[in-house]
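Since the structure comes first, as structure tokens, the remarks are kept for the end.
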Amino acid sequence: MSLILTFLGKGGTGRTTVAIATAKRYASEGKRVLLVGQAPDPNLGGLLGTVLTADPQEIASNLQAVQLQSAALLERSWEEVKKLEAQYLRTPILKAVFGQELGVLPGMDSALALNALREYNASGQYDVIVYDGSGDQSTLRMLGMPEVLSWYVRRFRKVFTDSDLGRTILESPFIQPLVGTVLNVSWSPDNWAQPTNQVSNILDDGRAAVTNPHRVVAYLVTTADPAAIATARYLWGSAQQIGLTVGGVILNQAMVSQAVAQTVTTEFDPLKINAFPVRTGDDWQPLIDALPDFSQADQAPRAIAVNVAERKVALFLPGFDKKQVKLSQNGPEITIEAGDQRRNISLPPELSGKPVTGAKFQDGYLIISF
């Protein structure tokens, strides 16, 4: 499996430059690297000195680069959808619709990009994938999709199968042979669940990857500008809401005063700050040398910690105060709202169903007692 690295921060802080330097560093160490760009502008290709295409191309030893194009990704994905339809339906109807005819619906770009990353990761061709996306809430929503979608699949499948309607459909002597005539599989609850189980497995792997700092990790990129610092702090807290580890901070254009440097250190404590110089000409080595030790990302605070013995759950939510955080409990899960992110947390069996007895916000942590 690949290590997937991405960078978060306000536009204009140099995320793309940092991404390229990171890709070059790993490639120089002998790692097989794929640099993935999604932004619609040609900035990535311009900095690399080449025109990027929708297919990975080698631009240096051990280094390939690709520019994700939603229309091309949709066309490829549509063919996979048609194969699945033909697998489960004897009379598929989508065979007459061609991917070239389809337009990309708003919001679909993120899902297509996430699936492309999943496929590049599963290919086994790359040790490291450096993802240069929008670096904002769109990137976080994309990486949070497996968590959100798996919740919908898990909860609504259970709601359906536990309902009178679900039991009627699953057990009916009339519905079963009728559907079995259409489907290419014999009808049973297990076979009925086969497609959704396949989706659930993909989503579960995605959730596990995003919350594992050895598989997916983000770094904040900021300048000394107060707006850039505020944006990075907000994205830091939002990243925790999807379980994504933020390994550190890269302070770009770091010719700043000692007072400003101290402010940045305070704002992002306990993350390590790495000063990043201005790029001059085609010499990337000073930038490569200034990058953090990405292997130390697992030392950063984790998004959630569960203490069953003390019946407590602690969520790390930097960048927010208690007025911006809302806690609610519905059934076996608790829901945390912070900023523009909502997270449903499945509790371990020892705490599942237990009522919340208290909650406090302390030093960036929301500590919930049961």
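Miscellaneous remarks
- Neighbour net charge for GLN253 - beta-carbon separation under 12 angstrom, K R +1, D E -1: 0
- Rg to Rh, two decimals, where the stretch 311-358 supplies the alpha carbon set and Rh follows Kirkwood: 0.96
- Cα centroid separation - the stretch 245-273 against the stretch 11-74, whole Å: 26 Å
- Anchor LYS312: lysines whose Cα lies under 20 Å away (excluding residues fewer than 8 positions away in-chain): LYS322, LYS326, LYS354, LYS360
- Residue-count net charge about GLU337 - beta-carbon cut-off 14 Å; Lys, Arg +1, Asp, Glu -1: +2
- You can think of it this way: the chain between LYS354 and ALA71 has 97.2 nm of extra reach, that is 0.36 nm per residue less the Cα-Cα gap.
- Sequence-distant residues sharing a close amide H with ILE250 (under 5 Å, placed H): LEU220, VAL221, THR222, ASN274
- Most to least packed among 133-139, 208-214 [average Cβ atoms within 10 Å]: 133-139, 208-214
- FRET efficiency estimate (nearest 0.05) - Cβ-Cβ, GLN329 to LYS83, R0 35 angstrom: 0.25
- Average projected area [Cα convex hull, the stretch 245-351], square nanometres: 9.8 nm²
- Per-peptide packing, taken as the mean over residues of other Cβ atoms within 10 Å, places 259-266, 280-287 in the sequence 259-266, 280-287 from highest down.
- If R0 is 25 Å, the Cβ-Cβ spacing of VAL278 and ARG302 corresponds to a FRET efficiency of close to 0.15.
- Integer Hz, Karplus 6.51/-1.76/1.60 couplings in order for the stretch 16-21, x for Gly and Pro: 5, 4, 5, 4, 5, 4
- Viscosity 0.692 mPa s, 37 °C: Kirkwood-radius Stokes-Einstein D of the stretch 1-74 over Cα pairs, µm²/s: 256 µm²/s
- Per residue accessible area in Å² of the stretch 200-344, where ligands, DNA and RNA are left out and the probe is 1.4 Å: 47 Å²
- Integer Hz, Karplus 6.51/-1.76/1.60 couplings in order for the stretch 63-72, x for Gly and Pro: 10, 10, 9, 8, 10, 5, 10, 4, 4, 5
The values are calculated or read from the model by the stated rules, or taken from the named source; none is laboratory data. Bear in mind that the values here come from a model prediction, so they are computed numbers and not experimental data. Positions of Cβ are backbone-derived with ideal geometry, glycine not excepted, and every protein chain shown enters the neighbour counts. Side chains included, ligands, DNA and RNA excluded: accessible areas come from the protein's heavy atoms. Shrake-Rupley method; radii C 1.70, N 1.55, O 1.52, S 1.80 Å.
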